[in-house]
Amino acid sequence: MLIGIILGLKYLLYYLEGRFPQFFTAPSVSLPAILIWVFIAAFAVSYVIIILIVLPMWYRSLSYMVSSEEVIINSGIFTRKRQYMKISAIQYTSILSMPFSKYLGLNFLVISAHGGRMAMMFLSHKDITEISGKLQKYVFI
């Protein structure tokens, strides 16, 4: 995604240079070129911060708990979010798996109930089969 943004901004720079040559007297010191490079640097830095800091913090704060009476999801970095769903309210569950999700942990479990929906994200294949098995045992007693 970052490469696409950088290529788009570089294309914008070349487009502006061809469309408005009076603003590009010296290519290395023109104001539009400097602004485009500042945008490229800002996108690159924000992308690195999100990938290296924010996502690992969010992933560490994510937790799931399934008991015989309710399903609880805890998440959030700066603000904590806790979702509860009664087992008796569950109507159905859906498992979403991506290609190679058995090896990469890109499995999602969506729990639908009366008036709401919860999503358990980035579960391993073992965890998703265990959780869906427990939910089926509790729901279809």
query: Which one of the conditions (1) assigned to a strand (DSSP E or B); (2) of a type outside the set (Val, Ile, Thr); (3) within 22 Å of the chain's Cα centre (by Cα) does LYS126 fail to meet, given that it meets all the rest?
result: (1)
- request: Test GLY115 against the stated conditions and say whether it is of a type in the set (Gly, Ala, Ser) and loosely packed, with under 12 Cβ neighbours inside 10 Å.
  value: yes
- prompt: Is one or more of the residues making up the range 46-63 without any contact (Cβ under 8 Å) to a residue 12 or more places away in the chain and more than 18 Å from the chain's Cα centre (by Cα)?
  reply: no
message: For the list (1) surrounded by fewer than 13 Cβ atoms within 10 Å (Cβ to Cβ); (2) among the hydrophobic types (A, V, I, L, M, F, W, C); (3) out of contact with any strand residue (DSSP E or B) (no Cβ under 9 Å at 6 or more places or on another chain), I need the number of the one condition that ALA33 fails.
response: (1)
- line: Counting only residues in the range 96-112 that are modelled with pLDDT of 90 or more and either charged (D, E, K, R) or out of contact with any Phe, Trp or Tyr (no Cβ under 7 Å at 6 or more places or on another chain) (or both), the one farthest from ASN74 (Cα to Cα) is identified as ASN107
message: Quick check on the range 89-103: of everything there that is within 15 Å of SER132 (Cα to Cα) and polar (S, T, N, Q), which residue is farthest from the chain's Cα centre (by Cα)?
response: GLN91
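The values are calculated or read from the model by the stated rules, or taken from the named source; none is laboratory data. Small disclaimer: the values here were computed from a predicted structure and weren't measured. With ideal geometry, Cβ positions are generated from the backbone for all residues, glycine too; neighbour counts draw on all protein chains shown.
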